[in-house]
Amino acid sequence: MRAHFVAPLLALSFLTVAPLRAEAVPPSAFPRSLAYFPAVGLLIGAFVAVADALGALVFPVSVVAALDLAVLALCTGGLHLDGLADTIDGLLVRGDRERRLAIMHAGTIGAFAAAGLSIALLTEYGALVSLASRDRALALVVGTVLARWAMVLALWRFPYARVAGAGAAFKRDLGWREVVVAATGTALVVLTAGARAAAAAAVSVAATIVLGRSAESRLGGLTGDVYGACGELTFLGTLVVWSIAPR
């Protein structure tokens, strides 16, 4: 019973910089917390959207877009950016499964990661700059929700690559109930936001499946870094869809 109350707090703590004592978390709360990932994404997106609106009162859009990405990175602890960087290095480096996993575990940023992360951030920035204020706020909210749903989808759909690790606690005993709750919450946001959100959702699912299969073939499964990469690529894809799709 206690796990049900701790689960939403765990989701908030894991996905943001909000503190939660690890010793206070029962193991069963980890998979249950996945049901709340999209809700936490909604909170994050709303927070960044408010920051965007306040920044737009003072700064030009070019500065506001950069501040949006900075605020997002600060309130999430840069979790997904770090995951994307490690995933790029792990998947593109030459070597066997063990070498790829070791490079990802080391956490150092190689040439592939530096280039890929720079391109991702520049693309996100360019997409945000191209949007009007209202569209930008909606894209931020939908993007952060879909990014957390992509992590749930990746956890549910693909095996875990390591015996232990942060992702193993979430993967273990993950059931269909948590996935259905997360999917329902995400669907409500998508339906409310309209056609562009639906297109972004389709892109996010496709990107997650492609990245997941690539990681599975090279690593034997997914890791926490790959889950973060799924989220970051989904966020990027959502902003791009918003910038090119008609209203």
Quick check: is even one residue across region 176-197 of a type in the set (Asp, Glu), in contact with a helix residue (DSSP H, G or I) (Cβ under 9 Å, 6 or more places away or on another chain), modelled with pLDDT under 95 and exposed (fewer than 15 other Cβ atoms within 10 Å of the Cβ)? no
Scanning region 36-72 for residues that are of a type in the set (Phe, Trp, Tyr) and assigned to a helix (DSSP H, G or I), which turns out surrounded by the most Cβ atoms within 10 Å (Cβ to Cβ)? PHE37
Every residue from region 104-119 that is surrounded by fewer than 20 Cβ atoms within 10 Å (Cβ to Cβ) and part of a helix (DSSP H, G or I): HIS105, ALA106, ALA111, PHE112, ALA114, ALA115, LEU117, SER118, ILE119
Spot the failing condition for LEU20; the list is (1) at pLDDT below 95; (2) under 24 Å from LEU122 (Cα atoms), and only one is missed. (2)
Only one of these is within 15 Å of the chain's Cα centre (by Cα) and in a helix (DSSP H, G or I): SER214, SER204. Name it. SER204
Region 24-35, residues that are surrounded by 19 or more Cβ atoms within 10 Å (Cβ to Cβ) and without any contact (Cβ under 8 Å) to a residue 60 or more places away in the chain: VAL25, ALA29
Can you name every residue in region 86-126 that is acidic (Asp, Glu) and in contact (Cβ under 8 Å) with a residue 12 or more places away in the chain? ASP86, ASP89, GLU124
From the list ARG134, ARG172, ARG162, which one is of a type in the set (D, E, K, R), modelled with pLDDT under 95, under 22 Å from SER217 (Cβ atoms) and surrounded by fewer than 24 Cβ atoms within 10 Å (Cβ to Cβ)? ARG162
Given the conditions (1) farther than 21 Å from GLY212 by Cβ; (2) surrounded by fewer than 22 Cβ atoms within 10 Å (Cβ to Cβ); (3) not aromatic (Phe, Trp, Tyr), and given that LEU140 satisfies all but one, which numbered condition is not satisfied? (2)
Among the residues of region 217-247 satisfying the criterion of being outside any loop (DSSP other than H, G, I, E, B) and of a type in the set (D, E, K, R), which is farthest from the chain's Cα centre (by Cα)? ARG218
Quick check on LEU236: is it closer than 17 Å to LEU79 by Cα, of a type in the set (A, V, I, L, M) and surrounded by 18 or more Cβ atoms within 10 Å (Cβ to Cβ)? yes
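The values are calculated or read from the model by the stated rules, or taken from the named source; none is laboratory data. Worth saying up front: this structure is predicted, and the values here are computed from it rather than measured. Note that we place each Cβ from the backbone using ideal geometry, even for glycine, and neighbour counts take in every protein chain shown.
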